[in-house]
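Here's the structure, in C-alpha cells; my notes come after.
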Amino acid sequence: MDKLIEGLSADEARTKFGCAKALRILSERRPDLLYPRFDLFVRLLDCKNKILQWNAIFVLSNLTSVDAEDKFTAIFDKYFSPICGPVMITAANVIRGGSRIARAKPNLADRIAREVLKVARARYQTPECRNVAIGHAVLALAEFIDLIRDSAPVLRFVRKQLKNPRPATRRKAERFLKRGM
C-alpha cells in the first residue's frame, strides 16, 4: 500500500493514475486499510490534478464506512462544496459519493440531501452540464431516500425534473417516482 501512496507523486501519468485507481479499488474492498491515510485523501481534494481529486472523492466516501473517529464530519462542508460548481464532473462525483456516505452514516442523510439539492442552483460551464449533474442527483437521492426524514424537498426537486430539457434526466426522475416515492 505504501508503494501505491508513493505512486501518487510519480511524474509518469500512467503510474500516478494507476496508483490512484488501485487505491480507489482498495478503498471499496478494504477501507480499513486506507483509513489511517484519511488526511492524505482530504489534502487531495485540493489537488490541481482533477483525476487525483476525483479519486480522493471516491476514496473518502468509501472510508466513511469505517470512520470510527468521525473524521468525515470535520470535512463535510469541504467535501460537498464542489456541488455548486464550476466543474460538473467533480460535482457529479461528489453527488455519487454522497449516497455512499449517507448509507455509511445515516445520521448525515438529511444534511447530505440538502447539499445534493444545491445542484438545482449550481453554475457549471453550460446549462446542459447542470442537467447532467441533476440526473446524477436524482440517482443518488434514490439510493438513500429511505434515510431522509423530510423527503418533501427531495420529491419536489425530482418532480420538477419531469420537465427537464435533458431526456435522460427526465427518465431518471420518472423511474424515481415510479418506485413509489
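Read the figures in this text as sums done on the coordinates, not as results from a lab. Nothing here was measured: the structure is a model prediction, and the numbers come from that model. Neighbour counts are summed over all protein chains in view; Cβ atoms, including those assigned to glycine, are modelled from backbone coordinates with ideal geometry.
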**Message:** What is the sum of charges, Lys and Arg at +1 and Asp and Glu at -1, for the other residues whose Cβ falls under 13 Å from the Cβ of A142?
**Reply:** +4
**Item:** In segment 70-178, lysine pairs closer than 29 Å at Cα, eight or more apart or cross-chain
**Value:** 18
**Item:** Gained length - R30 relative to T15, 0.36 nm times residue gap less alpha-carbon distance
**Value:** 3.3 nm
**Fill in**
Placing +1 on each Lys and Arg Cβ and -1 on each Asp and Glu Cβ in segment 70-178, then taking the dipole about the Cα centre, the residue among V138, G98, L177 whose Cα reaches farthest towards the positive end is L177
**Complete:** Scalar couplings 3J(HN,Hα) for segment 107-115 by Karplus 6.51 cos²θ - 1.76 cosθ + 1.60 (θ = phi - 60°), nearest whole Hz, x for Gly and Pro, are 5, 9, 4, 5, 5, 5, 4, 4, 5
**Asked** Which ³J(HN,Hα) values, rounded to whole Hz and listed in residue order, are derived for segment 67-78 from phi using the Karplus coefficients 6.51, -1.76 and 1.60 in 6.51 cos²θ - 1.76 cosθ + 1.60 with θ = phi - 60°, glycine and proline given as x?
**Response** 7, 5, 8, 6, 5, 5, 4, 5, 10, 3, 4, 4
**Asked** What is the calculated FRET efficiency for L40 to R114, with r their C-beta to C-beta distance and R₀ = 30 Å, to the nearest 0.05?
**Response** 0.60
**Fill in**
Distance in nm between S81 and S65 label points, each 7 Å along Cα→Cβ, equals 2.8 nm
**Request:** Using the number of other C-beta atoms within 10 angstrom as an exposure proxy, rank S9, S61 with the fewest first.
**Result:** S9, S61
**Request:** Please list, or write none, the lysines whose alpha carbon is within less than 16 Å of the alpha carbon of K16, excluding same-chain residues fewer than 8 places away.
**Result:** K3, K48, K50
**Message:** What is the distance in Å between the Cα centroid of segment 20-55 and that of segment 109-160?
**Reply:** 24 Å
**Fill in**
Expressed as a whole-number percentage, the relative contact order of the chain with C-alpha contacts under 8 angstrom and at least six residues apart is 15 percent
**Fill in**
For segment 17-124 the mean separation of alpha carbon contacts under 8 Å (6+ apart) over residue count, i.e. relative contact order in percent, is 24 percent
**Asked** Once percent of Cα pairs over 19 Å apart is worked out from the coordinates, which option in (i) 57; (ii) 63; (iii) 69 does it equal?
**Response** (i)
**Message:** What distance in nm lies between label points placed 7 Å from Cα along the C-beta direction at C47 and A152?
**Reply:** 4.3 nm
